[in-house]
Amino acid sequence: MIKFITKRLIIAIPTLLIIIAFGFIMMRVAPGGPFTNERALPPEIERNIQEAYNLNKPIYEQFFIYIKNLSVGDFGPSFKYKDFTVKELIISGLPVSATLGLSSIFISLILGSFLGIIAAIRKNTYFDYSIMGISLIGICVPSFVMAPILSLFFGLYLGLLPTSGWNGGNIFNLILPITALSLPQIAVISRMMRSSTIEVLNSNFIRTAKSKGLKSSYIIRKHVIRASILPIIEYLAPASAGLMTGSIIVEQIFGLPGIGRYFVVGALQRDYTLVSGVMILYASLLIILILITDILRAYLDPRVKI
Amino acid sequence: MQSIQKNIKNSDLLLEVNNLNVFFDTADGKIQAVKDVNLFINKGECLGIVGESGSGKTQTFFSITGLLSSNGYCNGSAIFKDFDLISASEDKKREYLGKSIGFIFQDPMTSLTPHMKIGEQLSEIATFHDNLSKSEALKRALNVLDIVKLPKSRNLINSYPHELSGGMKQRIMIAISLMCSPELIIADEPTTALDVTTQSEILNIFNDLQKGMGISIVLISHNIGVIAETSDRVMVMKGGKVVEKGSTFDVLTSPKDEYTKHLLSCIPPWLEG
Ligand SMILES: Nc1ncnc2c1ncn2[C@@H]1O[C@H](COP(=O)(O)OP(=O)(O)OP(=O)(O)O)[C@@H](O)[C@H]1O
Ligand SMILES: [Mg+2]
C-alpha cells in the first residue's frame, strides 16, 4: 500500500512537469504580455521591467529559472497583484474554493447515488421517469447558465438567499453556488448509478441472493451497492475536474473570493506566474484524486490488487 | 381437487406442479417458453430433467421459485407441501426459498457475489432463516463445507470467489443450498461447466445427499448419461413441452417419443448398457 502510493507520487512528478511546461508555453505563445498596455511605455522603463522579471531572457532560460524556484516552493511574485506572491494569493483563495468544491462533490456523490439506486429499484415507474427527466435537464444546462437562473429566482425574485459574497463562509451564501455546481454532477451520477444498479440487479449473483430468500433491502445493502458504485468511483476524478472548471465561473458569478477568480483574471491579464500556480494546484489535486480513486477501487473490489 | 386427492393417496409427495405456463415479453411480442408442464417430486427422490438447450428446463424451475427475469410471468400452480408457491406473496415465498428449497445455478463462475467473503455468503442465509448469531452460522458453514468435501478451513471462509476454482465455486453453491437443511434441491446443470473428474465427484455428493440425508433432488442436465446414473425418474422436455416422462429405466430402455430416441442415439455406444 505505502509502496504503491510512493510509486504513484514519484510517477506524478514528470506528469506535473509536462503540464507545467505546456502551460508555460501556451501562455507565452498567446499575444501580448503582462505589461502590454494600451498606452505604450517608454522603451527604457519597459526594458527595466522586463529585466526585473527575467522576461528579456530566452524562453527556455525563463522556464528553468521558474522550475528551479518551484523546487524550493517558490511560485514567484504575481505580475498583476503587485504586492502579493502567487503563494499568498492561492492560500487566501483556497478555503473558499475548497469549501465550495468539497461540499459539492460530497453532495453530488451522495444525492446522485441515492437517486440512481431508487430509480433503478423503481425502474419504469413515475419516480424513475421524473428523476431521469429532471437529470436530463441537469446535464444539458451547464453551471454558468444554472447559476444566474438560480440567483435570479431565489435571490432577486423570491429574496430568500443572498446572490453574492462570501460573508465569512455563511451557509446561506453557500447554498446557491453549491447548488449551481452540484446539479449537473448529481444529474450525471444519478444516471450512471441507475444504469449500473440495473445491470447488477440482473446479474447472476443477485439471482443467487434472491434464491436464498433474503429480504430485498438486505440484498440491496449487502450485495448490490458495493458492486454498482464502482463506476461512480471511477467517475470521481472527471467529476472533480468538472467541478474545478465549473467553480471558476460560479465563483465569478456569485462574487466569491476563491482561486477560480485568480485563474480568470490571471489568464486575461497574462499574469504568467499566477496562472501557472493555479494550474499546478489543480493538476496536483487531480493526480491525488486519481490516486484516491485507485485505492477506493481496490477496497471495494477484491479482484483489484494494488 | 385433483391435486388434493393425489396428496391423500401419496403422503410422500413433496412438490406438485400443475398446468405451468411461462411467458416472456420481448421486443418481438409475447413468447411462451414453458407450455402446460405437469410434474411431481416425491420425498427423497431424484427427478432428472433432460432436453436440448432452450427447451425451457431452467425457466420451469425459475418460475416455481419466483426467480424469473422482470419481463417474465407465469400461471398454473406449484404446490410445495400444501403451499402454492406461484400464487404466494413475495414475503411468504421468501420463507421457503433458501430454507426448504435450495437452488444451484447453471453458471457457478458468476453466481457468487464477487465482493463478499465466502464465509459471509454461506452464513448470511442461516442468520436470516434460522436466527443464528454470526459465529454460530460460521460454525455451521464449516460443517457444511465438510459435506461438500471442501477443507473445513478458516482460510476458505475468508477468501473471495475469484480466488476459487470453478469446481470449488460449485461446491460452495451446493454448500449454500445445504445451510438450512432443505427438503428439496434444484440443481440446474451443476456439472456442465466442470471437467469429468470434478463432475463425478459432484454427482457423488448429490447421491450422498439424496440417499444419506433423504433430500429430494431435481437434476437438470443435457447429458442423458448423467441422468441415467443418478435419477429415479426422468422427464424429457422439448420446445417448452414435456414430451416424455417415466421411470429412468423405462424411458431409457424403451423410449416412446421420437425425440427421446434421438437423444439416446446421441450417446456414444461405449456408454450404453
Ligand atoms: N428473459 C427472457 N426473455 C425472453 N426469453 C427468455 C428469457 N429467458 C429465457 N427465455 C427463453 O426461454 C426459453 C427457455 O429457456 P431456458 O433457460 O429454460 O432453456 P434451458 O432448457 O434451460 O436451456 P439450457 O440447456 O441452454 O440452459 C429459451 O428459448 C429462451 O430464449
Ligand atoms: Mg438452463
- prompt: When the residues of the stretch A:27-80 are filtered to those that are open to solvent by 80 Å² or more (accessible area, probe 1.4 Å) and among the aromatic types (Phe, Trp, Tyr), which remaining residue is nearest to the chain's Cα centre (by Cα)?
  reply: A:Phe64
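Yes or no, residue by residue, for (1) under 22 Å from the mean Cα position of the chain (by Cα); (2) away from ligand 2 (no atom under 16 Å from the Cβ); (3) on the phi > 0 side of the Ramachandran plot:
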| residue | (1), (2), (3) |
| --- | --- |
| B:Thr110 | yes, no, no |
| B:Thr113 | yes, yes, no |
| B:Thr127 | no, yes, no |
| B:Glu136 | no, yes, no |
field: Yes/no for B:Lys261 being more than 18 Å from the chain's Cα centre (by Cα) and within 16 Å of ligand 2 (Cβ to nearest atom)
entry: no
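Quick check on the stretch A:275-306: of everything there that is in a helix (DSSP H, G or I) and more than 18 Å from the chain's Cα centre (by Cα), which residue is nearest to the other protein chains (Cβ to nearest Cβ)? I'd like the intermediate steps shown before the answer.
Of the stretch A:275-306, the ones in a helix (DSSP H, G or I) are A:275-300.
When the remaining residues are screened for being more than 18 Å from the chain's Cα centre (by Cα), the result is A:295-300.
Values: A:Ile295: 16, A:Leu296: 13, A:Arg297: 11, A:Ala298: 11, A:Tyr299: 10, A:Leu300: 7 Å.
Checking each candidate, the answer is A:Leu300.
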- request: All but one of (1) surrounded by 21 or more Cβ atoms within 10 Å (Cβ to Cβ); (2) free of Cβ contacts under 8 Å to residues at least 60 places away in the same chain; (3) in a helix (DSSP H, G or I); (4) not acidic (Asp, Glu) hold for A:Gly213, so report the exception by its number.
  value: (3)
query: Just one of B:Ile220, B:Ile176, B:Ile205, B:Ile125 is of a type in the set (A, V, I, L, M), crowded, with 16+ Cβ neighbours inside 10 Å, touching a Cys at 6+ places or on another chain (Cβ under 7 Å) and at pLDDT 90 or above; which is it?
result: B:Ile125
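Yes/no per residue for (1) without any contact (Cβ under 8 Å) to a residue 60 or more places away in the chain; (2) part of a loop (DSSP other than H, G, I, E, B):
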site: A:Ile25; (1), (2): yes, no
site: A:Asn37; (1), (2): yes, yes
site: A:Glu61; (1), (2): yes, no
site: A:Phe79; (1), (2): no, yes
site: A:Leu89; (1), (2): no, no
message: Suppose we keep only residues that are charged (D, E, K, R) and open to solvent by less than 50 Å² (accessible area, probe 1.4 Å) within the stretch A:246-305. Which one would you say is farthest from A:Thr99 (Cα to Cα)?
response: A:Asp301
field: The lone exception for B:Thr110 - which of (1) without any contact (Cβ under 8 Å) to a residue 12 or more places away in the chain; (2) more than 18 Å from A:Leu201 (Cα to Cα); (3) not basic (Lys, Arg) it fails
entry: (2)
- prompt: If we scan the stretch A:101-122, do we find a residue that is in a loop (DSSP other than H, G, I, E, B) and either open to solvent by 40 Å² or more (accessible area, probe 1.4 Å) or closer than 30 Å to A:Ser196 by Cβ (or both)?
  reply: yes
- request: State whether the residues of the stretch B:50-63 include one that is of a type in the set (A, V, I, L, M), touching a His at 6+ places or on another chain (Cβ under 8 Å) and crowded, with 22+ Cβ neighbours inside 10 Å.
  value: yes
query: What is the number of the single condition among (1) within 14 Å of chain B (Cβ to nearest Cβ); (2) assigned to a helix (DSSP H, G or I); (3) free of Cβ contacts under 8 Å to residues at least 40 places away in the same chain that A:Arg226 does not meet?
result: (3)
message: Tell me the residue from B:Lys169, B:Lys149 that is touching a residue at least 12 places away in the same chain (Cβ under 8 Å) and surrounded by 15 or more Cβ atoms within 10 Å (Cβ to Cβ), please.
response: B:Lys169
task: Kindly list, by first and then second residue, each pair from a residue in the stretch B:57-75 that is under 17 Å from B:Gly239 (Cα atoms) and more than 12 Å from chain A (Cβ to nearest Cβ) to a residue that is more than 8 Å from ligand 1 (Cβ to nearest atom) and in a helix (DSSP H, G or I), limited to pairs with Cβ atoms under 7 Å and residues at least 6 apart or on different chains.
output: B:Cys74/B:Ser63
- line: Within the stretch B:90-113, residues under 21 Å from B:Leu164 (Cβ atoms) and either more than 7 Å from chain A (Cβ to nearest Cβ) or open to solvent by 20 Å² or more (accessible area, probe 1.4 Å) (or both) come out as B:Gly102, B:Ile104, B:Gln106, B:Asp107, B:Pro108, B:Met109, B:Thr110
- prompt: Exactly one of (1) assigned to a helix (DSSP H, G or I); (2) closer than 30 Å to A:Phe153 by Cβ is unmet by A:Leu256. Its number?
  reply: (1)
Of all residues making up the stretch B:59-113, the number that are within 16 Å of ligand 1 (Cβ to nearest atom) and closer than 16 Å to B:Leu184 by Cβ: 12
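Give, as residue ranges, the helices (runs of 4 or more DSSP H) completely inside the stretch B:141-239 that count at least 3 residues that are under 25 Å from A:Leu214 (Cα atoms) and within 16 Å of ligand 2 (Cβ to nearest atom). Full working, then the answer.
On the way: elements: B:154-157, B:166-178, B:196-213, B:224-230.
By residue number, no helices (runs of 4 or more DSSP H) qualify.
Among the residues of the stretch B:114-135, count how many are part of a loop (DSSP other than H, G, I, E, B) and facing chain A (nearest Cβ under 8 Å). Spell out how you get there, then give the answer.
Quick first cut of the stretch B:114-135, residues part of a loop (DSSP other than H, G, I, E, B) only: B:114-117, B:130-133.
Okay, now just the ones that are also facing chain A (nearest Cβ under 8 Å), so B:114-116.
Residues flagged as part of a loop (DSSP other than H, G, I, E, B) and facing chain A (nearest Cβ under 8 Å) within the stretch B:114-135 amount to 3.
The values are calculated or read from the model by the stated rules, or taken from the named source; none is laboratory data. Quick caveat, the model's predicted, so the values are computed rather than measured. All Cβ positions, glycine included, derive from the backbone under ideal geometry; neighbour counts span all protein chains shown. Quick note on the areas: whole protein, heavy atoms, side chains included, nothing else; ligands and nucleic acids left out. Shrake-Rupley method; radii C 1.70, N 1.55, O 1.52, S 1.80 Å.
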